[in-house]
Amino acid sequence: MEKITRILAIETSCDETAAAVLEGGRALLSSVVASQMDMHARYGGVFPEVASRQHVLSILPVIEEALTKAKLTLADMDAIAVTRGPGLGGSLVVGINAAKGLALGSGKPLVGANHLEGHIYASWLYEAGTENPPEAPGFPLIALLVSGGHSEIDLMTGHLQYQRLGATLDDAAGEAFDKVARLLGLPYPGGPSVQKAAESGDPKAFKFTRPKTEGAWDFSFSGIKTAVLYTVRDLEKAGTPIPVEDIAASFQATVIDYLISKTVDAARAHNVTELLLAGGVSANKPLREAFLNLQNNGFKVHIPKFAYCTDNAAMIAAAGAFRFMHGHTSGLDIDVLPTWPLS
Ligand code: KG4
Ligand code: ZN
């Protein structure tokens, strides 16, 4: 009988301390995320020094909880996967050192994983015991990766094979949500706040032009954000109350339309019919709906379960598992890679 690979994964790239246990590359046995969101809310964003200190406090209890929930021990694992980057250096160091310690103590191989690859592999996950597991994504596929630090469109020709077709020239999509939230006086974290405000707004109330880029599949979000800024400023100057909900809805609709149309264009240009959505912004409900609707246009669509959209270790376990199954392991001398690209 073929042996099933079991991976313990650790993720500390930003402000979530997370650990997970995965079997066979897809079946999730446990996923634990200790969020620091409340701690950073008072700063209006992630405070790196606070994040790394909090990771130090949470990391071991989170790993223990992940193993306990999976009803397994370190001895049952085949490898330990950990995020090397991209992310905050001081935060990544905590996860890497914990993983190295566990690998050294247990004699298990270490697998350094890319956080962005993790977001992509979130679409392979399902909870162990699921009766009819979803079909795994097939290749070639076009991935729309939209998070707080990255926004890009990639062509995946096989497992772990990426060709970047386009990327943001300035802000990331999630960053634009966070900045617009701040402009509108909405609470941190910005993405969910904008989505909530937009629910009671008119998406056609304001017209924010989608910036043109030289590269057909590149993005620019800072122009849309600046258009929101000028709108708010003009209304304030005129003494008009700010229609926060309408602005949030119009901004969100513009961004979604922009993301979807570029993804579809890239897919058509490359004769690809399989699409994958990834990154924290994939938690956005209207974006998920719009992406899912592409099924009606002849595309096969993959969207991670809501719980695995924003940062978690389950996705790192999946990416780490595929790396490990393809023969990749890392030495105990690996360092963090805060700006590590996907391709
Ligand atoms: O992937 P992620 O958790 O962290 C990074 O790797 O960056 O993404 C976080 C980003 C933040 O900018 C956050 O505002 C955005 O994802 N986000 C959302 C939503 N939930 C999270 N953006 C729009 N709508 C949401 N519901
Ligand atoms: Zn992320």
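Read-outs: derived from the displayed coordinates by stated rules, not from any lab. Please read these numbers as outputs of a predicted model, since none were measured by experiment. Counting neighbours? That spans all protein chains shown, and the Cβs are built from the backbone with ideal geometry, glycine included.
How long are the three semi-axes of the equivalent ellipsoid for the range 210-343, computed from the Cα gyration tensor as the root of 5 times each eigenvalue, in whole Å, largest first? If you can, show how the numbers build up before the last one.
Working: eigenvalues 235, 86, 50 Å².
Calculated on Cα positions only, the semi-axes equal 34, 21, 16 Å.
Once R0 is set to 41 Å, what does the formula 1/(1 + (r/R0)^6) return for the Cβ-Cβ distance between residue 75 and residue 38, expressed as a FRET efficiency to the nearest 0.05?
Efficiency, rounded to the nearest 0.05: 0.70.
Give the residue list of chymotrypsin sites (Phe, Trp or Tyr not before Pro) in the range 126-189 that are DSSP loop and have at most 16 other beta-carbon atoms within 10 angstrom.
none
Considering only DSSP states other than H, G, I, E and B, which trypsin sites (Lys or Arg not before Pro) in the range 30-114 qualify as loop sites with at most 14 other Cβ atoms within 10 Å?
Taking the range 30-114 and a limit of 14 other Cβ atoms within 10 Å, the loop trypsin sites (Lys or Arg not before Pro) found are 42, 71.
For 315, 39, 156, what's the fewest-to-most ordering of other Cβ within 10 Å of each Cβ?
Ordered by Cβ neighbours within 10 Å, fewest first: 39, 156, 315.
Mind putting a number on the dipole of the range 141-303 about its Cα centre? Charges go on the C-beta only, +1 for Lys and Arg and -1 for Asp and Glu, and I need it in Debye to the nearest 20.
100 debye
Most mobile of 13, 261, 123 per a Gaussian network model of the chain (Cα springs, under 10 Å)?
261
Give, in nm to one decimal, the length gained when the segment between residue 226 and residue 326 is fully stretched (0.36 nm per residue of separation minus the Cα-Cα distance). It would help to have the intermediate numbers written out before the result.
Numbers: separation 100, 0.36 × 100 = 36.00 nm, distance 4.45 nm.
In short, 31.6 nm is gained.
Taking the Cα centre of the range 93-205 as origin, work out the dipole magnitude from +1 charges on Lys and Arg Cβ and -1 charges on Asp and Glu Cβ, in debye rounded to 20.
340 debye
Which residues does a label at residue 269 reach in the range 140-162, if reach means a backbone N under 16 Å from a point 7 Å past the Cα toward the Cβ?
Those under the cut-off are 141-145, 152-156.
Where in the chain lies the longest segment free of GluC sites (Glu not before Pro) that are both loop residues by DSSP (not H, G, I, E, B) and have at most 10 other Cβ atoms within 10 Å?
Longest stretch, sites excluded: 215-343.
Please report the antiparallel percentage of the DSSP beta bridges confined to the chain, to the nearest 5.
Antiparallel: roughly 60 percent of the beta bridges in the chain.
Which three extents, in angstrom, do the Cα atoms of the chain have along their principal axes, listed largest first?
Sorted from largest, the Cα extents of the chain read 67, 46, 37 Å.
Hey, rough spin-label estimate for residue 164 and residue 261, points 7 angstrom out along Cα→Cβ, what's it come to in nanometres?
Here the modelled spin labels are 2.4 nm apart.
Which of 334, 9, 136 sits farthest toward the positive end of the charge dipole of the chain, with +1 on the Cβ of Lys and Arg and -1 on the Cβ of Asp and Glu?
Farthest towards the positive pole: 136.
Using only the alpha-carbon atoms, what does the range 141-303 span along each of its principal axes? Please give whole angstrom values in decreasing order.
The Cα atoms of the range 141-303 stretch 55, 29, 25 Å along their principal axes.
For the range 1-157, what proportion of DSSP beta bridges, expressed in % and rounded to the nearest 5, is antiparallel?
65 percent
If the chain between residue 213 and residue 60 were fully stretched, how many nm would it gain, using 0.36 nm times the residue separation less the Cα-Cα distance?
So the chain would gain 50.5 nm between residue 213 and residue 60.
Counting other beta carbons within 10 Å of each Cβ, put 120, 142 in order, fewest first.
Least to most surrounded, the residues fall as 142, 120.
Taking the Cα centre of the chain as origin and charging only Cβ (+1 Lys, Arg; -1 Asp, Glu), how large is the dipole, in debye to the nearest 20?
180 debye
Over the chain, with a Gaussian network built from C-alpha contacts below 10 Å, which listed residue (304, 61, 189) shows the highest mean-square fluctuation?
61
Quick one: what are the phi-derived ³J(HN,Hα) couplings along the range 170-179, Karplus 6.51/-1.76/1.60 with θ = phi - 60°, whole Hz, x for glycine and proline?
Each residue's phi maps through the Karplus curve to give 9, 6, 7, 4, x, 4, 5, 4, 5, 6 Hz.
So how tilted is helix 48-70 from the main axis of the chain? Cα-based, degrees 0 to 90, rounded to 10.
50 degrees
Can you compute 3J(HN,Hα) from phi for each residue in the range 222-228, using the Karplus curve 6.51 cos²θ - 1.76 cosθ + 1.60 with θ = phi - 60°, rounded to whole Hz and x for Gly and Pro?
Along the range 222-228, the couplings run 5, x, 5, 4, 5, 4, 5 Hz.
Looking at 310, 297, 259, which one has the Cα that reaches farthest to the positive end of the dipole of the range 201-343 (charges on Cβ: Lys, Arg +1; Asp, Glu -1)?
297
May I ask for the distance between the Cα centers of the range 179-218 and the range 285-313, given as a whole number of Å?
One Cα centre to the other: 19 Å.
Among the DSSP beta bridges whose two residues both lie in the range 141-303, what percent are antiparallel, rounded to the nearest 5?
The antiparallel proportion sits near 60 percent.
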